[in-house]
Amino acid sequence: MKDATVLEGAGPKGPERIQEGKYLTFHLAREEFGIAILKVREIIGLMSFTPIPRTPEFVKGVINLRGKVIPVVDLRLKFGMEPAAYSERTCIVVVQIQAGQDQTSMGMVVDAVNEVANVKQEEVEPTPSFGVSLDTQYILGLAKDGQNVRILLDIDRVLGGEELDLLRRAA
């Protein structure tokens with residue numbers, strides 16, 4: 001199975017991160033997102049969370065997954081989307097996050113998992129510029145699939161950094 005590969009190219013804003021490879025696709029609201037399949041450890045049904053006091057609203061808490069404590073983030077809330085009631089299709093995608101030399105397992109609550117899609121380089125457009133006030137560093141690119149567009153995420157940047165330190169301490 002081929003993972004997502006970064007292909008550097010010269011663009012107007014410097015190197016562009018164009019991705020090709022296999023992606024797990026999922027829905028949040030009416031949008032479709034993808035993350036590199038090699039980042040995914042497993043997909044599980046919703047479990048009860050143990051809430052952690054004094055964490056941001058998007059941190060749902062922690063779960064005990066076969067003896068390992070894993071922090072769980074609701075991606076809808078992380079991305080500033082409207083909260084939604086969980087359904088029978090809502091699930092937790094457990095991913096492996098790389099932060100410097102460390103690797104951490106984390107859970108992401110998503111509305112529904114779709115499929116593993118093979119994304120070709122020619123289907124991917126670089127992230128458009130939305131101006132200097134909007135940070136899009138967590139977006140690898142936009143994959144076109146017919147009339148649909150999938151947002152390819154750099155999950156290390158979505159869940160990494162300062163928030164990852166907070167979640168590690170919570171777990």
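The values are calculated or read from the model by the stated rules, or taken from the named source; none is laboratory data. Since the model is a prediction, treat every value here as computed from it, not as a measurement. For neighbour counting, all protein chains shown are included, and Cβ atoms are generated from backbone atoms with ideal geometry for every residue, glycine included.
Under the condition of being touching a residue at least 40 places away in the same chain (Cβ under 8 Å) and either of a type in the set (S, T, N, Q) or not in a strand (DSSP E or B) (or both), the residues counted in the range 71-82 number 6.
For the range 56-113, the set of residues classified as among the hydroxyl-bearing types (Ser, Thr, Tyr) and farther than 20 Å from residue 33 by Cα consists of 104 only.
This table checks each residue for (1) more than 16 Å from residue 153 (Cβ to Cβ); (2) part of a strand (DSSP E or B); (3) modelled with pLDDT under 95.
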| residue | (1), (2), (3) |
| --- | --- |
| 47 | yes, no, yes |
| 52 | yes, no, yes |
| 63 | yes, yes, no |
| 69 | yes, yes, yes |
| 84 | yes, no, yes |
| 98 | no, yes, yes |
| 104 | yes, yes, yes |
| 108 | no, yes, no |
| 118 | yes, yes, yes |
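When residue 62 is tested against (1) more than 17 Å from the chain's Cα centre (by Cα); (2) under 28 Å from residue 146 (Cβ atoms); (3) hydrophobic (A, V, I, L, M, F, W, C), only condition (2) is not met.
Screening the candidates 77, 38, 28 for the property of being closer than 27 Å to residue 137 by Cα and buried (at least 20 other Cβ atoms within 10 Å of the Cβ) yields one hit, 28.
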